[in-house]
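Working notes, beginning with the structure itself.
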């Protein structure tokens, strides 16, 4: 189904910013970690695959949170 002109945004995307957050419980303690990253469109960019860029950014922030959680398990054990 094609989008109508009324449903398309008239704004130009110039950056994307994602945040990932997770909490874990070890014994009686809760640990919450998060990662946030923003990527800005370079001025000389002409052809950006925004869906691919979003996928890469989600992978980046989720991996950072996963690594932080692993560090917590390594440090405080389970």
Would you mind calculating the relative contact order of the chain from Cα pairs under 8 angstrom and at least 6 residues apart, reporting the percent as a whole number? 33 percent
Within the P(r) computed for the chain, what percentage of the Cα pairs occupies the region above 15 Å? 67 percent
If r is the Cβ-Cβ distance from residue 7 to residue 66 and R0 is 25 Å, what FRET efficiency results, to the nearest 0.05? 0.10
Of the residues 35, 45, 22, which exhibits the maximal mean-square fluctuation in a Gaussian network model of the chain defined by a 10 Å Cα contact cut-off? 45
Expressed in nm to one decimal, what extension gain is obtained for the pair residue 18 and residue 34 from 0.36 nm per residue of sequence separation less their Cα-Cα distance? 4.7 nm
0 to 90° range, to nearest 10: angle between helix 50-76 axis and the chain longest Cα axis: 10 degrees
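Bear in mind these aren't lab numbers, they're just calculated from the coordinates by the rules spelled out. Keep in mind it's a predicted model, so treat the numbers as computed, not measured. Note that we place each Cβ from the backbone using ideal geometry, even for glycine, and neighbour counts take in every protein chain shown.
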